[in-house]
């Protein structure tokens with residue numbers, strides 16, 4: 001079985017090969033194309049999915065402790081009215097059966113991570129691309145507005161390492177059967193918007209805090 005490529009840091013011209021020398025802000029994205037506009041800015045590119053995100057960021061934080069981790073990338077909108085750049089205020093997982101795990105083990109896994117940004121926007125993370133309206137409605141019913149594949153995992157790692165975390169997503173699609181065409185058409189615009197936002201980050205973000213989804 002081929003090995004999974006290691007997460008990498010990239011920047012135009014000056015990207016360091018490891019976790020050292022990254023400075024106080026560590027930007028993290030799933031795909032290089034999502035941060036194509038981040039010229040001369042080191043970015044940790046983890047690859048898609050919760051596992052790649054968690055492993056990549058854990059390795060980076062073990063080598064270098066920044067003042068803040070900033071996840072930037074694209075997301076699908078689950079509800080009308082969500083478009084352009086969205087500062088995320090909370091993260092959940094949409095593909096974890098927390099209730100069954102609680103019934104089996106007596107312990108309920110973390111269901112929501114609050115980011116303390118003051119934003120009401122919640123992103124639901126799962127290891128699949130949402131392409132059906134019915135699936136989108138189910139996830140929206142969990143209290144989510146956007147869907148992605150990495151944010152919850154990254155926030156959870158920051159909580160474990162006691163590192164402040166910010167997350168901004170650019171809405172690239174409607175999480176429906178047109179996702180591929182919509183994402184492709186908007187990803188470069190997303191990168192430019194995320195870079196512009198990154199020039200003036202919100203001050204003093206907290207470490208993510210867990211709480212029950214229904215509280």
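The values are calculated or read from the model by the stated rules, or taken from the named source; none is laboratory data. Keep in mind that this is a model prediction, so the values were computed, not measured. All Cβ positions, glycine included, derive from the backbone under ideal geometry; neighbour counts span all protein chains shown.
Just wondering, is there one or more residues in the range 84-104 that are in contact (Cβ under 8 Å) with a residue 24 or more places away in the chain, part of a loop (DSSP other than H, G, I, E, B), in contact with a helix residue (DSSP H, G or I) (Cβ under 7 Å, 6 or more places away or on another chain) and more than 27 Å from residue 32 (Cβ to Cβ)? No, the range 84-104 contains no residue that is in contact (Cβ under 8 Å) with a residue 24 or more places away in the chain, part of a loop (DSSP other than H, G, I, E, B), in contact with a helix residue (DSSP H, G or I) (Cβ under 7 Å, 6 or more places away or on another chain) and more than 27 Å from residue 32 (Cβ to Cβ).
In this structure, residue 88 does satisfy being buried (at least 22 other Cβ atoms within 10 Å of the Cβ) and within 16 Å of the chain's Cα centre (by Cα).
Are there helices (runs of 4 or more DSSP H) fully within the range 115-215 with at least 1 residues that are under 16 Å from the mean Cα position of the chain (by Cα) and either at pLDDT below 95 or surrounded by 16 or more Cβ atoms within 10 Å (Cβ to Cβ) (or both)? List them. Talk me through it step by step, then tell me what you get.
Values: elements: 133-140, 151-161, 179-198.
Those helices (runs of 4 or more DSSP H) span 151-161, 179-198.
For the range 96-113, the condition holds for no residue, the condition being that it is in contact with a strand residue (DSSP E or B) (Cβ under 7 Å, 6 or more places away or on another chain) and surrounded by fewer than 18 Cβ atoms within 10 Å (Cβ to Cβ). Scanning for something in a strand (DSSP E or B) and either at pLDDT 95 or above or closer than 18 Å to residue 128 by Cα (or both), does the range 60-69 turn up at least one residue? Yes, the range 60-69 contains at least one residue that is in a strand (DSSP E or B) and either at pLDDT 95 or above or closer than 18 Å to residue 128 by Cα (or both).
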